[in-house]
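Each remark here refers to the structure printed beneath this line.
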Amino acid sequence: MRSGAPSATSSGRRSNFVDAKGRIRHHQFGEGDYDGSERVIQQLLADAGRTNVPNGLVAVNASGAEEAADVSDVQSPETYIGFTRAENFVSPGGVAQGVSHVYAAGTPRLNEWGLSGNWTVDGERATLDGKDGGIVYRFHARDLHLVLGPAPESGSIRFRITIDGQPPGNNHGADVDAAGQGVVTGQRLYQLVRQSGAITDHTFEIQFLDPGVQAYSFTFG
């Protein structure tokens, strides 16, 4: 980036718009409102003395994880898996903080979740200590995303998802196929569910076929 030029930076699902003097002038949370973001950038360029700033808007046809959230029917909140900010955890016995522990998923109601298998839950994340562990979440939203990554000593980690006990089919996200198969290859947000029909309550489950995955948070759209 050139010194003295406006910029936009992204962290997770938040974008910051910075003017030519390095001051944050606007925040955008989540995807969507592309027209509003473009107007902010045009204004920052004009404030910086640019005289050839276009007045029109670029048509955006985003798809996959970049498509705007369906905020009119999101009833599930961002949910953290590390014990520092975890809520609505329903595995019997609660969280064993910072030690390896075998969990059972429990039976979550809407916006409740649980772990299955052998996990170590730290303040910011949970790490799977053996293969065949999983996470279950009862949610209401069009899209379900999960921030995942491999532990430093781990390679790629295979996983399989189900919705209400069945492969996702046409409701699969960008990072899984219709059979629910996917692979964790790096630390990022994975889009696992994108419902193609009416939005209703569903039970999501992800099973990891290899050890070493680190799970951080769910987000919905």
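Structure summary
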read-out	value
Percent of beta bridges antiparallel (DSSP, region 76-221, rounded to nearest 5)	95
Full-extension gain in nm, T120 to Q75, via 0.36 nm per residue minus C-alpha separation	13.3 nm
5 angstrom amide H check on S91, placed H, neighbours 5+ away	L115
Inter-probe distance in nm under a simple model that places probes 7 Å from Cα toward Cβ, at A104 and D132	1.6
Additional length obtainable on full extension of the chain from R158 to R188, 0.36 nm per residue less Cα span	9.3 nm
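Coordinate-derived values only; no laboratory data. For clarity, every value in this text was computed on a predicted model and none was experimentally measured. Using ideal geometry, Cβ is built from the backbone for each residue, glycine included, and neighbour counts are taken over all protein chains shown.
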